[in-house]
Structures are given as structure tokens and as C-alpha cells.
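The values are calculated or read from the model by the stated rules, or taken from the named source; none is laboratory data. Quantities reported herein were computed from a predicted structural model and do not represent experimental measurements. When we count neighbours, we look across all protein chains shown, and the Cβ atoms used for this are built from the backbone with ideal geometry, even at glycine.
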2 protein chains.
Amino acid sequence: MDASWSPVPPSRVTIVDGFWKRWRDLVGTKTLFHQFQELRGEGQIDALALDQKMHRGRAVGDDWYWGGSIFWDSDLAKWLEAASARLQQTKDPELEKLVDDIIVRLERAQQPDGYLNSHILTWRPRHRFKNLRDLHELYCAGHLIEAAVVHHEATGKDTLLSVARRYADLLVERFGNGPGKMNGYCGHPEIELALMRLYRSTGDTRYLELSRFFIDERGAAPNYFDREAVERLDRREFRPNHPGSPYAYMQAHEPIRQQTKVVGHAVRAMYLLSAVVDVGVVIKDASLLETAGRLWRDVIDTKLYLTGGIGSASENEGFTRDYDLPNEKAYAETCASIGLFLFGHRLLQTRLDSEFSDVMELALYNCILSGIGLDGESFFYDNPLASRGTHHRIPWPWWCPCCPPNLARLISSLSGYLLSEGLEGIAVHQYVSCEAAFPGIRLTIKSGLPFAGHNAIEITTEDPSDRTLALRIPGWAGQTTLKINGQSQNVEAQNGYVHLRRVWNNGDKIELNFEMPVRQKFARFDVEADRGRTALSRGPLVYCIEQADNGPDLDHFVLPGQADFHPVEANDLLGGMTLLKGNALRETTSAEKLYTEHVPETEPVELCAIPYYAWANRAPGEMQVWMRRSA
Amino acid sequence: MDASWSPVPPSRVTIVDGFWKRWRDLVGTKTLFHQFQELRGEGQIDALALDQKMHRGRAVGDDWYWGGSIFWDSDLAKWLEAASARLQQTKDPELEKLVDDIIVRLERAQQPDGYLNSHILTWRPRHRFKNLRDLHELYCAGHLIEAAVVHHEATGKDTLLSVARRYADLLVERFGNGPGKMNGYCGHPEIELALMRLYRSTGDTRYLELSRFFIDERGAAPNYFDREAVERLDRREFRPNHPGSPYAYMQAHEPIRQQTKVVGHAVRAMYLLSAVVDVGVVIKDASLLETAGRLWRDVIDTKLYLTGGIGSASENEGFTRDYDLPNEKAYAETCASIGLFLFGHRLLQTRLDSEFSDVMELALYNCILSGIGLDGESFFYDNPLASRGTHHRIPWPWWCPCCPPNLARLISSLSGYLLSEGLEGIAVHQYVSCEAAFPGIRLTIKSGLPFAGHNAIEITTEDPSDRTLALRIPGWAGQTTLKINGQSQNVEAQNGYVHLRRVWNNGDKIELNFEMPVRQKFARFDVEADRGRTALSRGPLVYCIEQADNGPDLDHFVLPGQADFHPVEANDLLGGMTLLKGNALRETTSAEKLYTEHVPETEPVELCAIPYYAWANRAPGEMQVWMRRSA
């Protein structure tokens, strides 16, 4: 176990240029304000007044779901986290005022004992902590805590952190194994990883212990959710829309260390597993880290879309059986892919291995980025890999606006996911044009990704500095060339990282070039949806064909088993990007009759593929990642 | 309009040899007795005692469905019809006793006014004719009438016919346009065609008029089903599991003459359309016949499985949108295909055209025959075109045993569907080894179908006889040769029939040979389920590959766009049949990873295909009609 690599926090990494600078600024100048308007319009902010009358005049009752939603506070908290991350990058008094105003409302809403949940306080004040299974209270608390940690680190202010700590202290007081404590845990994991962030930020081990308790207790028999249902006299059978054991939906069917397959709601699984690694790393618990590694491999080997999406079924927003990866019906929720990114990020702290950073990159550039339109103001909740033209981005998934602020916080916080540091040196996981500061040394990174494979790292240091730079060689890279100050170097990667140990001088320059061949992908036979199909990728980007470029009836097109596609720069299209063009066949429909004995004729055509993330930004139409191929 | 071709009834046609003789005898000696035991065991026979206590001690209430089923009487009536048809072929005192015993029970159960329905009389006596929409009363009456007509024609006895006529007379008295009459019709069509059989058998035009009334009234506004619901104070919304207008489920959303697409429950649609032709032919109503022809083409052009199955969706047991023909989820109920056969049989009376007889043959040899196991005692309700090994025949679909007795009556009555006669002469639609008697002339037909294409017809006549023999040239035939007394003849078919007009002498012999090439089939592009796939047929038989011959993972196999399969006789297999063998590729799964960049390797293999009807008679396993193909 090598837990020596810690992420370099956003406070020390600034994205300065290129692809992600454009996205960061789009989110910072448009997305956040759009989302604020939506949150205000929907009621998440007014709900903090704890006044039923302020719920937009809706006729809402004390039912399971509305009045407002049980997860409204988390939507707002994720937005606060995103806005705080933005404030760390750029001064924006207007945004800061919006943030501070919400914090004041949170302070006012917080109860004397620290409790804070607008839904429970407004609509069912006597239900506090009575239905951990369904009501998302600790989940909302978790997001509040995450927002507070980021707000504090970004602004230096204690306002939100004080609110969050008061609430966290209440949780410490109420939950755990001690006498008079509740030994329950939340139906929707999140509090666990949030407490670990709070622990790391404050050094207060009570938060670590509570997180550890939640993880250890989860799934123990007799199940807490059964016990709390009896206590609240709830005799209704618990039947989430999930195959198999109902508590598997929330990963509480058995203790985590016994789990061998990833099951249930995908976001919940990823958040839980992220915390499992967090705790495992800190307390050096090999069984937790082994569990996380085992379940990671289960996802990657059997349940991962080519785009980095996970959780194929809408029914349970989650996992089904191995290799069940339908394309058009793919759920592949944006938040689930963000969760996978977070899980990989944690695992990367246990071991420098590109199996984690490759998947993080895949998810980031494809399924996650697909979740937001190029306008910064429209979103996908689910990210299918094929569409007949009926899947469109929407300004706000009002029924469950979890993904848009989650996207905003990830993009605004992206600088915190690029680099690690350890005793050995510095690791570069994701090539993004940025400046990163370390004790005694600064790195200036320039990258052409995702469209070009050239990367440069320049060293700034006052004194020569002996340390290792570990540079990831992506799995998609073709021929890789590496030069230091113009001198070619051998590229010998260990677990996907090339380790450059030397005494670095000021002005040293590393050039790292990845050839980016077009890759033609095939799924293993078990993936029924992709049988007889093929897909294209280049660099970190998965490509798709869209009706806007190729006309309708995409299933008419058939690619050869070994297709020849080449990159074409298109600076005018969709904000500038590299397309793929190549030859395929188009089956021509001549048959008038339902069945014929004539093998369909084909004609050669040129197909144009665009990056998957950029689809659905023009006229609505069909899309395919997996295209038909000849055998 | 040429309505001059009448079917030659079973009383004058005897199947003497070959494929259908074996099936007829299997049904006559095994299937009918098996089904009798099931009907007795389930309760259909005891239900005629009209005594709740005799319902097998089941705890059943006055709910919508059980106690016993609303269609139990029809199951029994179809069995009676099948057994009667058997008695017409072969004396069987044991079978006759079973039939007579049931008739005695029916006589006892019949009410003084003629009413007879065990479910209504036992479980909700005050609901008589109160819910025509749901309760299947007239549907059950229809099957009773059909059974009675066949029983009378087969045995000469009046016992069952008297029961049926008393009931039919009650219907004549109660339904229609006159004062004091109910102007309703049954939710499940059947009574309409049954009344036409009764009219043809008795010559009583009141039955014709009532059938005509039911057809004309159906779907008129305001809808009768709405009106009767108001009358019985039933305020529940009527929501059959059917897309679109709820009454489209039962073809009552608009008058039949206005309908342009076949919709709803497939069996209902076929039974209704059969009656539409029956009435149209008799009263020479061009609008009815045009309607039937239009809706026939809609089925054939857009909703027909390659196997002759129809009604792709289990949700409504019926039709969905055009070209929606999933393979594994195909409903393709046996009864629906029988209904299509009956509908085609009616249309063949309007016009001698092989577009009808080809489809009848297709349905008969494939989807319909698939419905019964080679043991004669196991059945499919639905007939999918692909299976992963989980679709099995069962001894009795107890929840709705409509298909098994329907199959039994069709196979037992098959001799009535082979030939027509008209002013011009005699038409041979289906080549089955049989002897057929006509005034002044007899035909002795020998046929090698479905496995061999040689057919012979020998004439027996006392005096030379000037008439036309119209012989169908099947659509699947390759080179066709025709000889009369050894002299080759031109084969010039009109609408699929070659017309041989001459003076026939005793001993004249016609030899008709159809080349039976293996046909490779492709579906039009609109059929998404068959895209990139191909199927095989030979003669009237559609073929499939089964795990028992080819091993598991059938989707591994890829056929060339122009495959080369050849027939192989296998006398030992599955009762003797002709297989198809040919070369294909098998994709080998080498990939360990979920996604790879290696195009799947292939190896040549020999595939063995069996007739579709014969699948699922060995160890349970996978099956495919539509196999993958290379582009």
C-alpha cells in the first residue's frame, strides 16, 4: 500500500489557458448565474425561510416527495461549492454577494442545536432523523459541509464553515456507537466523504471517526433501515425500483467489506466508495482499500460505458447485470460519472497507476462534459450513447436538479484534480494548461489536449531541485516522445507513469508529445448492445456521428472492420474542435416489401464524427457512438 | 369482385398421407385427450354444473377475472369443435362419448330462454349482457355456435346445434336495431363469424342479419361501451394496456369501414375481419371487402413476422406501430396467426390470388405449428423469433388456454382449408396428400411438402369432365415444371395460380414440381430488429438455428450477405425433416477487456438450421431466426 500521493489543492493550481480555461470561464460567467436563477425560481433559496407560504404558492402536501424536495438543500450546497471554487479563481463581487446572501439565510435557518434542513424543518419537523433511509438528511448535510470547506479555503471566511461545523458537531453528538446514540446511516451516501473533507480541513478526528462509523455500520444486520421503520410505525414494504435485495439499491444489503459486485444506485455507490478510500487511506485499513479496488475493477471491467458513463438503468438510476450496457436507453447519469471521477481520484492517492487517471480522463471528457451544453446553460441528466433525435438538453431538470450544480462544481474545481504530490515528487495526471506551485518549485504546463497531443512543462525554481516528476502516459497515446531541454529521453512507463528523477534547474523544459491515432473500438461479445458495432476515439475523446453532419437514419451506415478515419480541424464548428472523417458504406433501401431476397446494396459515403461531448448542440437529430460494422 | 370461389368442406376432403396426416393423427390420438384432461382438471367442464362449490375448491371471489375465467366456455367449445372435426375423419367411440357427455352438461346448463354462460350464471347472474366490453359473453357464444355447426356436420347429430340455435335465437331476439333491442356488440369479436357459419349451415338469414348488425354498429358514436358503463354505474376509466384510443384495443374506436390501419388485440382484429369478409361476400358489400383488403395489406406490408406471426406486443396482445417486429420479445400469439390464416381463407373466397394462400401457408407451417410441440402435448402461447434459452413449451397455459384447443381445431379441420370450388372449376391452394370429392370428379393429391417439392394429382371421373383446375404456384417456388400425362406444359400463372382448362379423363395425371432453393431473407431497413441480420427459408418453411445443433451464443455466428446453405435430409431428427447446412463465420471472443481495438477474429464454421416449427423440442437452449450477417 502506497498512500503517499496527495492531491495538489486548487489553491495552488491555476488553469491559465486552453480548453478547460474556456469551460471554466463559461461556467463562471454564465452557468453559475443561470443556475442561481433556476434555484431562486424553483424555490431552493426561499425554502431556507422555513416558511411554507414561500414555496412559490404551490399546492404541496406532506407527501414523500414535494414541498420542496428532500434534496433541495443539496442542490443549493453544490451551487455554493461551485461558486466558492469560482471565487478562488477569480474575484467576482456580484457572485460573492449571492454566496454571502445564501450563507446568511443558512445561518438564520440553522436551529440552535445546529440542525439544518429546509425540507424537514418546513414540512415535517417531527421527522428529524426518523427516516434516514429515504429522506436524504445526512446527504444534504454532506453537501453543506463540502460547500463550507471549499468556501473557507477559497475565501478565508468562516461564515459557512461555522454553520457546517455546528451541524457536523450535532451529527457527532447524535450518531455513533456510544450510549444514547443512533447507529444509523444515510440512505444516500455523501456525508461520509464530506466528513473526511471536513476532517482534512480542520484536523478534528471526530469527523473521521463518524465517517468511519457510517461506513463500518452500513449494511450490518439487523438492518438499521428496518429498525427505524419499525420505530416510526411504517409498515409499508420498502420496494425501490431495483432488482434483487432492496437495500442493495443503497449499498446497505451487506457490510461494504463483503461486497464483491457494485450494485444499486450508481451515484450512491460512487460516493460511498470514494469515502471508503478516504477513510482507508487515513486509517491505513487494507480491507477497505482492497474492497474499493475490487469494486473499482468490477465497474471498469463489466459496467463502464465507452464514454465513462456508469449506471445503465433508469429504473434504479444504477447498475444492473454485468455487460448490460444499452446505448439508446443508457441512463449514464452525469452525477454518476462525476462520482466515478471522484472515486478514481481517491484511488489515485493509494497508488500511482493510470488505470485510475485514464478512467478519470475518459469520464471527464466524455460522459461528464456531455452533461452540459456548449452554451453553458443547458444540461443532460442522462447521457445516452445513441439517440433517435428525441434526447435534448434542457435548461433545468427541475424534478431533480442534482447534475447541473454538480457539473459546475467539478469544472470550477478541476484544478484540484490534475496533480498529486508525495515524498517522491510530483505527479501529473491530467494535461491541462496550468500553473502549479510547490514548495521550492513551480510548474508551467501547456497542453494541446484534447485535440492535439503536444504538452510542455517548464520548471521555475530558485535553487536546483532534486525530485521526481511522474508523468502519465495515457492509454490512448500512440508513439510518445519525451524531451528534456531538447534532449530525447527514453519513455519507460511504470503503471502508466514515466518517472523523471533529476535535479531540476530553473528554466528546464519538458516536451511530451503523444501521437493521437484514431482508435477503432470494439466491445467484448458479452456487451449485447455493441455486438456487430464499432466506435471511434482519438486521444481522450470518444466520437459520435450526428444527424446534423450525416443526415438521418444513422443505422444505414456500416463501417469496415478496419476503418480509416483521419482528424480534420474545424475551428468554426461548435467552438472549435477536431472532427474525424472517413469512409463507410451506406445501405440503400430499395426494398418495398417487408422481406426481400436481395442483400441490401451499399454505396460508399464519407462520414463525419464529432466529439461525443459536443453532440446535441445543433438542430435536434439522431446520434450514435456505436455504429454498425461489417464482420 | 369475383366471389365465386367457395371452400370445399372437410366432409369432402380426406387427408390420407404425409406430413399433415401425421399431425392430424397426433392431435386426434394424443392432443385431444391431453387437452380434455387439462380442461377437466382446471374446471371448465365442472363449471357447467353452475355450482360454485365445484370450482376445484379455489378461493375465488366476484372479481374481474377468476371464478372461473370469463372465457372458460370458449376453451371448451374450441375443444368440442376440434373433437367433432376429428370424429368426422375417424370413428372414435371414446372421444365421441366425451363429446356427448359435455353436450349433455351444456343442455342442462342452458337456461329456459336459451342463455348459456357458466361464468356469468355461476358468479354474477345479474350481470347478463351488462358488460359486453369485458366479459366475453358473445365471444363464448360464438365459439359454442362454431362447435355446434362442426359437430352437426361431422356427426349428423342435432344435440349441440339445438343448444347453439336456442342461444343464437336469444341473441337475435335481444340484439339489433329494433325497438327494445340492445344495440351493443362484443368486446372480443367472434360471434360475427360464428353467426355466419350458422347462417351458412342453416340458411337462416336472421343470423346473417345479426352478424351484419354487429359489424355495422361496432365503433359507432356514441360508443356503446361508454353507454353500457353508464348504465351499470361503472365509473372506472377504461384503460386497456394499449397505446392510443382505448377502444382501438378492440377495434371499436371507429366504424370498421373508416379504419385504415390494423390496430389493437391481434386475435380480435383477425376474427372481426374474417367476419367482415364473410358478410361482405354474402351481401356483396364492396365497402366491407375493400376495408378487409386494405387492412389485410396493412398487416402483410407492415406488421407480419417472417414466420407468419402477427401482434408483436405482449402489452396489448396485439399490434403496435408499423415495422415494430422485435424478435426475442415477439408476442406472435398462436391464436393470432390462426386468425390471420382464417382471414386469408375468407379473402381467398373473394379472389383467387396467392397473396392470400401464400400467407396462409406461411402462418400454418411456421408460427401456428410452432405453437404445439412434437409430442402433441405441449404448447407455446407466444412464438418469439429468438430466445436465450428461457422460452419453453408448457403442458397448458392455464391462465388463458385459448391457443391449444384453437390449434387442435385448426389441425383437425385442415382438410377444409385446402381447396376451393367455383363455377369455373376447382382451385388447389395447399398441397397436402388428400382425396377430394366433387360432383362427377375426384382428385387424389400427393405432395412431398413441406420438405420436397413434388406434387401429383390424379383424376378419377366416370365421364370426361370439362373444367378448370387452378393450381397455386407458391411464391417460394424456384423453377416449376408441370406435366399432364407426362407432357410438359407451360407454367403461366395469373395471380399465383396456373389455370388448366381441359376435358379431364379418368386416370389423367398432373405432375407439378417446385424447385425448392434455400432462400436468404432480408428485412426492409425499417424493421430495426432485423437490421444487419438475415434469415433462411426453404419452401414454406422458415428455418432457425438452435443451440442443440450449434452450441450456445448464437449471436457469435455471422452469415455472409450471400450465404450458401443446402438441404440435408435427417430422417432420425425430430420426427424426420430436412435441415439446412452451410458455412458461416464465428466471431471468437479473445477480448478480456470490456473494450478493445482488435477487430473480433472469425473462424469458419458449419451451421445447422432446423425448421422453425420444430424448435424447443430438445434440451432448452437459444434459438434465432434472424442471424447476424456481414454487410
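Among the residues of the range A:241-253, write down those that are at pLDDT below 95 and either crowded, with 19+ Cβ neighbours inside 10 Å or polar (S, T, N, Q) (or both).
A:N241, A:H242, A:S245, A:P246
Residues B:S357, B:S314, B:S337: which one is of a type outside the set (A, V, I, L, M, F, W, C) and more than 21 Å from A:Y595 (Cα to Cα)? None of the others qualify; the one that does is B:S314. Filtering the range A:254-272 to residues that are buried (at least 19 other Cβ atoms within 10 Å of the Cβ) and either among the polar types (S, T, N, Q) or out of contact with any Lys or Arg (no Cβ under 8 Å at 6 or more places or on another chain) (or both) leaves A:Q259, A:V263, A:G264, A:H265, A:A266, A:V267, A:R268, A:A269, A:M270, A:Y271.
Looking at the range A:66-144, the helices (runs of 4 or more DSSP H) lying wholly inside it that each contain 2 or more residues that are under 24 Å from the mean Cα position of the chain (by Cα) and surrounded by fewer than 24 Cβ atoms within 10 Å (Cβ to Cβ) sit at A:72-89. Does any residue in the range A:391-415 that is assigned to a loop (DSSP other than H, G, I, E, B) come within less than 9 Å, Cβ to Cβ, of a residue that is among the β-branched types (V, I, T) six or more places away or on a different chain, and which pairs are these? Pairs found: A:R393/A:I372; A:C402/A:V267; A:C402/A:T334; A:S413/A:V150. Where strands (runs of 3 or more DSSP E) fall entirely within the range A:536-631, those with at least 3 residues that are in contact with a strand residue (DSSP E or B) (Cβ under 9 Å, 6 or more places away or on another chain) and over 20 Å from B:G532 (Cβ atoms) are at A:541-546, A:565-570, A:577-588, A:601-611.
Taken over the range A:482-505, residues that are within 19 Å of A:F356 (Cα to Cα) and not charged (D, E, K, R) amount to 7.
In this structure, is B:N366 within 14 Å of another protein chain (Cβ to nearest Cβ) and part of a helix (DSSP H, G or I)? So B:N366 passes the test. Residues that are over 18 Å from B:Y612 (Cα atoms), within 14 Å of another protein chain (Cβ to nearest Cβ) and either touching a residue at least 40 places away in the same chain (Cβ under 8 Å) or out of contact with any Cys (no Cβ under 6 Å at 6 or more places or on another chain) (or both) occur at least once in the range B:478-492.
For the range B:208-233, the tally of residues that are within 28 Å of the chain's Cα centre (by Cα) and on the phi > 0 side of the Ramachandran plot stands at 1.
Residue-by-condition table, conditions (1) surrounded by fewer than 22 Cβ atoms within 10 Å (Cβ to Cβ); (2) touching a strand residue (DSSP E or B) at 6+ places or on another chain (Cβ under 9 Å); (3) among the acidic types (D, E); (4) assigned by TED's automatic domain parsing to the domain that holds B:Y381:
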position	(1), (2), (3), (4)
B:P405	no, no, no, yes
B:V432	no, yes, no, no
B:T444	yes, yes, no, no
B:N455	yes, yes, no, no
B:T460	yes, yes, no, no
B:Q489	yes, yes, no, no
B:E492	yes, yes, yes, no
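Kindly indicate the residue of the range B:616-631 that is at the interface with chain A (Cβ under 10 Å from one of its Cβ atoms) and surrounded by fewer than 22 Cβ atoms within 10 Å (Cβ to Cβ) and also nearest to A:V599 (Cα to Cα) among those meeting that condition.
Per the criteria, the residue is B:A631.
Selection within the range B:574-615: residues that are among the small types (G, A, S) and away from chain A (no Cβ under 14 Å). The member of this set that is nearest to the chain's Cα centre (by Cα) is B:A614. For the range A:592-631, name all the residues that are among the β-branched types (V, I, T) and under 24 Å from A:A563 (Cβ atoms). Of everything in the range A:592-631, those that are among the β-branched types (V, I, T) and under 24 Å from A:A563 (Cβ atoms) turn out to be A:V599, A:T602, A:V605, A:I610, A:V625.
Among the residues of the range A:532-570, write down those that are surrounded by fewer than 21 Cβ atoms within 10 Å (Cβ to Cβ), within 28 Å of A:S354 (Cα to Cα) and within 9 Å of chain B (Cβ to nearest Cβ). Within the range A:532-570, just A:Q562 meets the criteria. So which residues in the range B:19-41 are crowded, with 20+ Cβ neighbours inside 10 Å and either more than 15 Å from B:E377 (Cα to Cα) or not assigned by TED's automatic domain parsing to the domain that holds B:L410 (or both), if there are any at all? Listed by number, the residues that qualify are B:F19, B:W20. Scan the range A:483-493 for residues that are charged (D, E, K, R) and assigned to a loop (DSSP other than H, G, I, E, B) and the total you get is 1. Counting only residues that are touching a Pro at 6+ places or on another chain (Cβ under 8 Å), in a strand (DSSP E or B) and within 14 Å of chain A (Cβ to nearest Cβ), which one in the range B:494-527 is surrounded by the fewest Cβ atoms within 10 Å (Cβ to Cβ)? So, considering only residues that are touching a Pro at 6+ places or on another chain (Cβ under 8 Å), in a strand (DSSP E or B) and within 14 Å of chain A (Cβ to nearest Cβ), the one surrounded by the fewest Cβ atoms within 10 Å (Cβ to Cβ) is B:V518.
Considering every residue within the range A:281-294, establish whether at least one is in a loop (DSSP other than H, G, I, E, B), buried (at least 24 other Cβ atoms within 10 Å of the Cβ) and either within 13 Å of another protein chain (Cβ to nearest Cβ) or of a type in the set (A, V, I, L, M, F, W, C) (or both). For the range A:281-294, residues in a loop (DSSP other than H, G, I, E, B), buried (at least 24 other Cβ atoms within 10 Å of the Cβ) and either within 13 Å of another protein chain (Cβ to nearest Cβ) or of a type in the set (A, V, I, L, M, F, W, C) (or both): absent.
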